[in-house]
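Trainee: Can you keep this structure in mind? I'll have questions shortly.
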Amino acid sequence: MGFAWLGLLTQLSLLFFFGCCDREDPNYTFVKHSSGAPPVSYHDYIVVGGGTAGCPMAATLSQGSDVLVLERGGSPYGNRNISDLASMVDNLADLSPDGPVQRFVSEDGVINARARVLGGASCINAGFYSRASAQEVESMGWDATLVRESYEWVEKVVAFEARPVNWTAALKDALVEAGVTPDHGFTYEHLNGTKIGASIFDPTGHRHTAADLLRYANPRRLTVLLRATVHRILFQKKRGGSRVRAHGVIYKDALGKKHRAYLKGGTGEVIVAAGALGSPQLLMLSGIGPADHLKSLGIKVVVDQPLVGQGMSDNPTNAVVSPSQLPVDLASVQVVGISPLGFYVEHLTGFNLLPALSVDPTNSPVDERASQVVFGASGEDDTVGVTFQGGLIVEKVARPLSRGYLKLKNLNPNENPSVTFNYFAEPEDVAVCVESLKTIQRAIQSEALAKYRSPDLTIDDLVDISANLIVNERPRQVTYNSTNLDQYCKDVVLTIWHYHGGCQVGQVVDGEHKVHGVDALRVIDGSTFSFSPGTNPQATVMMMGRYMGLKLLNKRLGRKNMH
């Protein structure tokens with residue numbers, strides 16, 4: 001008990017110190033609108049993307065270098081849809097042209113989203129914070145000590161111990177009862193079994209994003225420009241040499257005015273941290289990618305790199321709704337079941353699900369029976385704004401074997417590229433999904449959830465109701481039940497927004513994240529992953545920003561192992 005109170009007091013003191021509970025703009029003096037930027041500027045580092053990796057990396061690099069961050073979105077501060085837990089689903093449904101979410105539909109017919117805001121996906125996600133496993137850290141070739149210290153650096157500002165109550169607490173016991181053992185209680189660590197994790201939502205329901213990590217920055221050596229869309233990386237060749245070197249970027253502000261940012265001297269670098277869609281897209285737009293594809297769009301080939309855009313993967317997710325007889329609390333992901341069979345089970349409770357699960361929540365295709373069970377409504381427009389009394393239990397295939405690819409549609413960096421994930425192309429992924437759904441069914445039927453469970457709804461009812469509630473653009477069967485879960489997996493697949501790949505380590509970049517064949521250019525974000533680390537990757541992406549920032553800073557300053 002004493003240690004728990006000590007932890008709470010420590011978190012509260014950090015909230016006071018960093019001002020994190022203040023819902024107002026922190027008034028970063030270094031964050032500016034791109035329209036006021038000079039036509040030409042010079043920097044030690046140019047970071048493309050002020051997202052989950054870009055913010056901690058820029059804050060770290062600014063301790064010894066002049067850093068420019070170019071973020072295509074706006075500020076997260078002052079937007080209650082971002083900051084308030086209760087508005088989390090409304091945030092994902094905000095499709096305004098300048099909003100924080102840019103929706104896309106993969107060629108597989110699954111509705112998805114990418115971030116367009118300072119702080120990146122940490123501004124639009126479900127908030128769960130959990131570290132990568134020790135095995136995953138080792139497989140990435142990272143220094144375990146520096147990794148741990150980098151996680152702790154992040155956690156001082158953005159991570160808070162979740163405290164499940166009500167239906168969510170019962171789900172934890174239900175997962176253990178369903179065989180996802182042991183029960184680890186609260187931990188940051190990635191361990192097989194059931195655990196309570198951390199959240200970037202604090203105890204008051206206020207979101208803390210990667211943008212909050214800019215509090216660590218040296219304000220005199222950092223410039224962050226909002227609404228700055230990078231169109232192209234600039235390259236030069238040494239006299240008499242064949243190897244190219246990045247030496248700047250061209251970006252446009254919100255008014256369409258063109259600006260140029262260059263590297264100082266010969267020691268700076270351009271760092272692309274634009275995400276799993278944005279980073280391979282920008283490399284291709286700049287002439288690094290499959291030569292035939294680039295030539296077909298009239299792009300001058302700088303480096304023929306056929307693996308840019310390859311190996312795209314999105315962890316397939318399926319969900320089952322579990323209506324409750326009793327009131328439930330509003331809760332984002334707090335509990336996770338980690339199975340050695342290769343899947344994770346998570347949850348949401350008490351939210352209005354329609355904006356997240358429908359293409360258009362005012363014209364939802366949800367059928368009348370599903371609407372009556374889930375919302376207690378008629379299925380017409382009055383379902384909008386009605387919360388769901390119960391839980392949405394989701395499973396994630398941890399390491400799908402199915403892979404896809406990304407291609408450019410055109411030369412406009414503001415538009416989404418074309419991406420195909422090839423969900424369930426490999427039968428092994430289907431088998432993992434089926435097993436995970438069976439685990440969810442056992443959890444729903446457990447003694448732990450008995451008092452919440454509706455006695456009038458069978459598992460087959462819940463499977464069919466879930467299929468009618470969840471929306472994608474894939475062909476469907478007429479009905480689903482516990483005897484055709486393999487087809488349910490394929491037809492009713494969702495994203496959990498953990499897509500990755502396109503600039504993978506060992507293929508497009510080396511172990512130090514340097515782009516093959518190019519000097520002074522790195523990619524540091526989730527596009528370099530061959531798997532999604534931990535149950536949810538945001539903790540590791542933020543850690544990676546700090547980790548790689550420290551390594552670059554130490555190298556620049558001639559230091560060794562300075563943490």
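What follows draws every value from the coordinates through simple rules; no lab data is involved. Just so it is clear, the model here is predicted, and its values are computed rather than measured. Neighbour counts are summed over all protein chains in view; Cβ atoms, including those assigned to glycine, are modelled from backbone coordinates with ideal geometry.
Trainee: Taking a quarter of the surface of the convex hull around the Cα atoms of the stretch 218-275, what do you get in nm²?
Mentor: On the way: hull surface 22.1 nm².
Computed as one quarter of the Cα hull surface, the answer is 5.5 nm².
Trainee: Report, by chain and number, residues whose modeled amide H sits under 5 Å from the one on SER286, excluding near sequence neighbours (fewer than 5 apart, same chain).
Mentor: When sequence neighbours closer than 5 places are left aside, the close amide H contacts are ILE233.
Trainee: What's the ranking of 529-541, 324-336 by average number of surrounding C-beta atoms within 10 Å, highest first? Intermediate values should be presented prior to the final figure.
Mentor: Details: 529-541: 25.8, 324-336: 19.5.
Those peptides, ordered most packed to least, come out 529-541, 324-336.
Trainee: With +1 on each Lys and Arg Cβ and -1 on each Asp and Glu Cβ, how big is the dipole of the chain about its Cα centre, in debye rounded to the nearest 20? The partial results should precede the final answer.
Mentor: Details: 52 positive and 56 negative charges, 669 e Å.
In debye, rounded to 20, the chain gives about 3220.
Trainee: To continue, here is another question. Take the cross-link list LYS295/LYS555; LYS195/LYS551; LYS258/LYS300 and give me the ones stretching past 28 Å between alpha-carbons. Don't jump to the answer; show the numbers that get you there.
Mentor: Working: LYS295/LYS555 37 Å; LYS195/LYS551 32 Å; LYS258/LYS300 20 Å.
Correct reply: LYS295/LYS555; LYS195/LYS551.
Trainee: Same structure, new question: What percentages make up the Cα-Cα pair-distance distribution of the stretch 107-242 when the bins are 5 Å wide from 0?
Mentor: Reading the bins upward from 0: 2, 7, 11, 14, 15, 16, 14, 8, 5, 4, 2, 1, 1, 0.
Trainee: Further question on the same structure: Would you work out which of ILE46, PHE424, GLN310 lies farthest towards the positive end of the dipole of the chain, given +1 charges on the beta-carbon of Lys and Arg and -1 on that of Asp and Glu, about the Cα centre?
Mentor: Going by the Cα projections, it comes out as ILE46.
Trainee: According to the Cα gyration tensor, what semi-axes, each the square root of 5 times an eigenvalue, does the equivalent ellipsoid of the stretch 464-511 have, listed from largest to smallest in whole Å?
Mentor: Over the Cα atoms of the stretch 464-511, the semi-axes work out to 34, 11, 9 Å.
Trainee: In addition: Using modelled backbone amide H atoms (1.01 Å from N, in-plane), which distant-in-sequence or interchain residues come within less than 5 Å of PHE186's amide H?
Mentor: ILE196
Trainee: Out of all DSSP beta bridges with both ends in the chain, state the antiparallel percent to the nearest 5. Could you put the intermediate results ahead of the total?
Mentor: Details: 56 of 86 bridges.
For the chain, the DSSP antiparallel bridge percentage is about 65.
Trainee: For a quick check: with amide H placed at 1.01 Å from N, whose amide H comes under 5 Å from PHE201's, ignoring anything fewer than 5 positions away on the same chain?
Mentor: When sequence neighbours closer than 5 places are left aside, the close amide H contacts are HIS208.
Trainee: So, one more: At a Cα cut-off below 16 Å, give the aspartates and glutamates reachable from LYS490, other chains included and same-chain residues fewer than 8 away excluded.
Mentor: Within the straight-line cut-off, LYS490 pairs with GLU107, ASP108, ASP314, GLU395, GLU426, GLU428, ASP429, GLU435, ASP464, GLU473.
Trainee: Calculate the all-directions average of the projected area of the chain's alpha-carbon convex hull, and give it in nm².
Mentor: Working: hull surface 99.3 nm².
The directionally averaged projection comes out at 24.8 nm².
Trainee: Return the loop-located trypsin sites (Lys or Arg not before Pro) in the stretch 464-562 (DSSP other than H, G, I, E, B) with at most 16 other Cβ atoms within 10 Å of their own Cβ; answer none if there are none. Each step should come with its number before you reach the end.
Mentor: Numbers: sites: ARG476, LYS490, LYS514, ARG522, ARG546, LYS551, LYS555, ARG556, ARG559, LYS560; in loops: ARG476, ARG559, LYS560.
Hits after loop and neighbour filter: ARG476, ARG559, LYS560.
Trainee: Mind giving me the FRET efficiency for ARG559 and TYR42? R0 is 22 Å, r the Cβ-Cβ distance, nearest 0.05 is fine.
Mentor: Values: r = 24 Å, r/R0 = 1.10.
That pair, ARG559 with TYR42, gives E of 0.35.
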